[in-house]
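Undergrad: Before anything else, here's the structure in question.
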Amino acid sequence: MAPFGRIVRSDRLRGVHLGFKKSGERQAAAGYSQIANPVYLARKGNVSWQFAWTGMLRNLSANMFHLLRPEPWVDRRGRLLGNVHGRRALAVGQLAPAYILEID
């Protein structure tokens, strides 16, 4: 993180996001992680299940809504496909953040 600015420590911080919207990021993998990561964090007890479900629903809704008028820098169809893969894996009990490496 040092190339992006000064590194500080604070007990009031909740998280950092350095994701990219384009630049070759596999959007289906990004969509899968929108489901897998909140579940993983809720299972560990780092976030509440309510927070996890709210985030997943927000991402899923945004991906569906923006299919009608997509932004040029985000592949909403790819992300939605990843969301579907994540939901399916969650339903059958096979959801794992490491699976993101296998998604094209």
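Undergrad: Looking only at segment 42-51, decide whether some residue is touching a Lys or Arg at 6+ places or on another chain (Cβ under 6 Å), modelled with pLDDT of 85 or more and part of a helix (DSSP H, G or I).
TA: no
Undergrad: OK, next. Check off (1) surrounded by 13 or more Cβ atoms within 10 Å (Cβ to Cβ); (2) at pLDDT 80 or above; (3) not polar (S, T, N, Q) for residue 68 and give me the number that stays unchecked.
TA: Failing condition for residue 68: (1).
Undergrad: Residues in segment 41-50 that are hydrophobic (A, V, I, L, M, F, W, C) and more than 22 Å from residue 98 (Cβ to Cβ): how many?
TA: Residues meeting the conditions: 0.
Undergrad: Same structure again: Of the conditions (1) assigned to a helix (DSSP H, G or I); (2) surrounded by 15 or more Cβ atoms within 10 Å (Cβ to Cβ); (3) hydrophobic (A, V, I, L, M, F, W, C), residue 95 fails just one. Which one is it?
TA: Against the list (1) assigned to a helix (DSSP H, G or I); (2) surrounded by 15 or more Cβ atoms within 10 Å (Cβ to Cβ); (3) hydrophobic (A, V, I, L, M, F, W, C), residue 95 comes up short only on (1).
Undergrad: Continuing with the same structure: Output the residues belonging to segment 71-81 that are buried (at least 16 other Cβ atoms within 10 Å of the Cβ) and not in a loop (DSSP other than H, G, I, E, B).
TA: Hits for segment 71-81 are 76, 78, 79, 80, 81.
Undergrad: So which residues in segment 11-36 are at pLDDT below 75 and among the hydroxyl-bearing types (Ser, Thr, Tyr)?
TA: Correct list: 23 only.
The values are calculated or read from the model by the stated rules, or taken from the named source; none is laboratory data. Since the structure is predicted, the reported quantities are computational estimates derived from the model, not experimental observations. Backbone-built Cβ (ideal geometry, glycine too); neighbour counts: all protein chains shown.
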